[in-house]
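A.B. asks: My structure is below; once you've seen it, I'll send some questions.
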Amino acid sequence: MKRKSQIVTLAALSTVAVMGASVASAESTLEIVKERGNLRCQVGPPSAGYYNLDSEGVWYGLDVAMCKAVAAAVFGDATKVEIQSVSSQARFTALANGESDMLSRTATWTLSRDTQLGIDFLPPNFYDGQGFTVRRDSGITSALELKGAKVCVTTGTTNELNLTDFSRTNDLGISNVTFEDFNVRDDTYLNGGCDAVTGDKSSMAGNIASFPVPSDHMILPETLSKEPLAPAVRHGDNQWADIVRWSVFALINAEELGITQANVD
């Protein structure tokens, strides 16, 4: 019985070795990135705080910093990154089909996305929640006062689904006015095409700051949802997922320990 057990164990180990060899023969994301010489990191259209362009056309922001951290982990050089600005509708397809090496944008980690789209989400780098922006002179002080309102929302997002659920649950009869570009969404709101805008509260705070008169607008107190915003990679490449995952953790640990560019050496 002992000898038979040993034979089974050796056979199992041989099978694992063969499987490992076949997996290793396929080019990994790390190998592709190194051969190319840079990281293709996907963000969204410019959004204050997360990913934006300075006066010289250089990307900066929280999610851009995540891209640079992974480039630094792979190359020892945070500048070896190509920032790709992709629409909400195309973002997950672009990642799954290999156009992007990773996604670092305000994308909510959900069950359906994580299990059905061929991508894997990694540790969240920001926890947010959905809310509403309204004009202060509207007299609206609660989201429950939006009965029959037209609400601007970006299509292809959890915000659109949450808005529909919120309206139905509270019998508000809200009309969703959808847009592919959040800039067009906000312009429509500012020009009176909508009574309110809905989105992640942090993003809306940044957008309000860019309005002609920010003080004319406010975010209502209700929070509709939990929005764990997280980077993502293609499903099935555990090595690459580990690199991005531990880049997130390294940034969190560095902040807790007070490590900065000035004292890291």
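The values are calculated or read from the model by the stated rules, or taken from the named source; none is laboratory data. Nothing here was measured: the structure is a model prediction, and the numbers come from that model. Note that each Cβ is placed from the backbone with ideal geometry, even for glycine, and that neighbours are counted across all protein chains shown. The area values use the complete protein model at the heavy-atom level, side chains included, leaving out ligands, DNA and RNA. Shrake-Rupley method; radii C 1.70, N 1.55, O 1.52, S 1.80 Å.
A.B. asks: Which whole number of Å³ per residue matches the convex hull of the alpha-carbon atoms in the chain?
C.D. replies: Measuring per residue, one finds 187 Å³ for the Cα hull of the chain.
A.B. asks: Over the chain, what relative contact order in percent results from Cα pairs under 8 Å that are six or more residues apart?
C.D. replies: 24
A.B. asks: I've got another one for you. Can you tell me which of 38-48, 143-153 comes out highest on packing, and rank the rest after it, using the mean Cβ neighbours within 10 Å?
C.D. replies: 38-48, 143-153
A.B. asks: Return one quarter of the surface area of the convex hull spanned by the alpha-carbon atoms of the stretch 165-217, equal to its mean projected area, in nm².
C.D. replies: So the Cα hull casts an average projection of 4.2 nm².
A.B. asks: Tell me which residues come under 5 Å, amide H to amide H, from Ser225 once H is placed; ignore anything under 5 positions away on its chain.
C.D. replies: Long-range HN contacts for Ser225: Gln130.
A.B. asks: Carbon and sulfur: what percent of the chain's accessible surface (1.4 Å probe)?
C.D. replies: Carbon and sulfur together cover 55 percent of it.
A.B. asks: Ok, one more. Counting every Cα pair in the stretch 213-265, what percent are over 18 Å apart?
C.D. replies: Across the stretch 213-265, Cα pairs with separations above 18 Å total 62 percent.
A.B. asks: At what distance in angstrom do the alpha carbon centres of the stretch 63-117 and the stretch 190-265 lie from each other?
C.D. replies: Here the two parts' Cα centres lie 14 Å apart.
A.B. asks: Relative to the longest principal axis of the chain, what angle (0 to 90°, nearest 10) does the C-alpha long axis of helix 158-169 take?
C.D. replies: Helix 158-169 sits roughly 50 degrees off the main axis of the chain.
A.B. asks: If amide hydrogens are placed 1.01 Å from N in the peptide plane, which non-local residues have theirs closer than 5 Å to the one on Ala107?
C.D. replies: Residues meeting the criterion, in which the H sits 1.01 Å from N, are Ala230.
A.B. asks: Under Stokes-Einstein, with the Kirkwood radius over Cα pairs standing in for Rh, what whole-number D in µm²/s applies to the stretch 152-265 at 37 °C and 0.692 mPa s?
C.D. replies: Answer from the Stokes-Einstein relation: 190 µm²/s.
A.B. asks: Which whole-Hz ³J(HN,Hα) couplings does the stretch 150-157 yield from phi under the Karplus relation 6.51 cos²θ - 1.76 cosθ + 1.60, θ = phi - 60°, glycine and proline marked x?
C.D. replies: Those phi angles translate into 9, 10, 6, 8, 7, 6, x, 10 Hz.
A.B. asks: Give me, ordered by chain and number, the residues 5 or more places off Asp120 or on other chains with an amide H under 5 Å from its own placed amide H.
C.D. replies: Val233, Arg234, His235
A.B. asks: Something else now. What do you get for the angle between helix 238-257 and the principal long axis of the chain? Use alpha-carbon atoms, 0 to 90 degrees, nearest ten.
C.D. replies: The answer is roughly 60 degrees.
A.B. asks: Follow-up question, since we're still on this one. Using +1 on the beta carbon of Lys and Arg, -1 on that of Asp and Glu, and nothing else charged, what's the dipole of the chain about the Cα centre, debye to 20?
C.D. replies: 1020
A.B. asks: Please find the FRET efficiency linking Asn253 to Asn38, where r is the Cβ-Cβ separation and R0 is fixed at 30 Å, and quote it to the nearest 0.05.
C.D. replies: Computed FRET efficiency for Asn253 and Asn38 comes out at 0.70.
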